[in-house]
Amino acid sequence: MLYPKLQIDRDKIAKNTKIIVDKCKAQGLEVAGVTKVFCGHPELAQAYIDGGVDYLADSRIENLIKLKDFNIDKILLRLPMKSEVDLVVQYANISLNSELETIRLLSKTALAQGDSHKIILMVDLGDLREGYFHEEDLYRAVEEILELKGVELIGLGTNLTCYGGVLPDEDNLTRLVEMGENIREKYRVDLEIISGGNSSSLDLILKKKMVKGINHIRLGESLVLGRETFHGRQIDQTHDDAFKLMVELIEVKEKPSIPIGEIGMDAFGNKPTFTDRGIRKRMIGAIGKQDIDFTTMKPIDRDLIILGASSDHLLIDGSDSKIDYRLGDIIEFTLSYGGILSSMTSEYIKKEII
Ligand SMILES: *Cc1c(COP(=O)(O)O)cnc(C)c1O
């Protein structure tokens, strides 16, 4: 079984990473390479390391466990579940946190394991996902953490453009830097990390406008696709096709473009609509909705039209292509971030690293 196949070009990921990490370093920022989009695959994590990242980071502890043999600091990005603190202390050096109750457990667990664990406190600057929303609550948490043994407070972080779509800017990031300053002064603690967000904060760095005091950024999408996500612009000399999805054709026939008969619901309970383009060369690819949302796929042959999909079939119009596709031919697609993620998690899609 060879197809569908996700073909991953390791060197392109390493090259994207190097180009972007160099730009961040030039502005005084360290980079955490976020591995969740490729499920913590060690060979691809190695490409990040070859490209110069300072940390590996993932939202799932299962993925960090796969990375246990790398001698580099690992960050758990999603707030730890209380039920997983044992694994968190064992496999992550650092975690992002916003709940004292969890931090107390991390402290107890680290002491029991004879280990220590580093904490970055998350601040919600308005995107309304994780983090302290009220400044007083943040300072109260800092006071208590400084009393706890087994855990060390090393920084503040924020996450933007994830739930609420709030963009990073001078105002919100300056607030984060100021909170860091307040904590340093008031509690005489050496906060080494002020982590200013994800790939949507990269644009500020590329424009050399990152707020002074932000010295850390966590990047996933920009490393794998070579783009910042503030405007979605491709970064010079990077590749957007390090991940290519390859799909085999299982039927190629001339057929009308409008179904014949009364139209009811499709397999997913929606009433479909159609554009009449006459008789067309219709092709079926062996992949479907249970593997991937077809709107995240873009044919590399720009003359192909994706018509739709059912659970296991992708319908493609090949009439306008210069290529005369035949049964058994392989069609290649580039993917969005979501497309890469679902291809990586579908057990039916084979992975090949080149
Ligand atoms: C996923 C994630 C990132 C990386 O986001 P990208 O947009 O892929 O760069 C950074 N921080 C946190 C907390 C995340 O969950």
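The values are calculated or read from the model by the stated rules, or taken from the named source; none is laboratory data. Note that the structure is a prediction, hence the values are computed from the model and not measured. Here Cβ is always computed from backbone atoms with ideal geometry, including for glycine, and neighbour counts include all displayed protein chains.
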| field | Odd one out for Cys24 among (1) away from the ligand (no atom under 13 Å from the Cβ); (2) touching an Asp or Glu at 6+ places or on another chain (Cβ under 9 Å); (3) more than 25 Å from Thr345 (Cβ to Cβ); (4) among the hydrophobic types (A, V, I, L, M, F, W, C) | value | (1)
| In segment 151-165, how many are farther than 17 Å from Leu76 by Cα and at pLDDT 95 or above? | 0
| field | Residue selected from segment 129-149 under the condition aromatic (Phe, Trp, Tyr) and under 24 Å from Tyr163 (Cα atoms), by the criterion surrounded by the fewest Cβ atoms within 10 Å (Cβ to Cβ) | value | Phe133
| task | Take Val37 and decide whether it is within 19 Å of the chain's Cα centre (by Cα) and either surrounded by fewer than 17 Cβ atoms within 10 Å (Cβ to Cβ) or within 21 Å of Thr334 (Cα to Cα) (or both). | result | yes
| task | Within segment 103-159, work out how many residues are part of a loop (DSSP other than H, G, I, E, B), in contact (Cβ under 8 Å) with a residue 24 or more places away in the chain and away from the ligand (no atom under 15 Å from the Cβ). | result | 7
| request: Tally the residues that are among the charged types (D, E, K, R), within 8 Å of the ligand (Cβ to nearest atom) and either without any contact (Cβ under 8 Å) to a residue 12 or more places away in the chain or outside any helix (DSSP H, G or I) (or both), restricting the search to segment 197-242. | output: 1
| remark: For segment 77-102, the count of residues that are assigned to a helix (DSSP H, G or I) and of a type in the set (A, V, I, L, M) equals 5
| message | Looking for something outside any loop (DSSP other than H, G, I, E, B), in contact with a strand residue (DSSP E or B) (Cβ under 9 Å, 6 or more places away or on another chain) and either free of Cβ contacts under 8 Å to residues at least 40 places away in the same chain or over 30 Å from Ile19 (Cα atoms) (or both) - is there at least one such residue anywhere in segment 268-278? | response | no
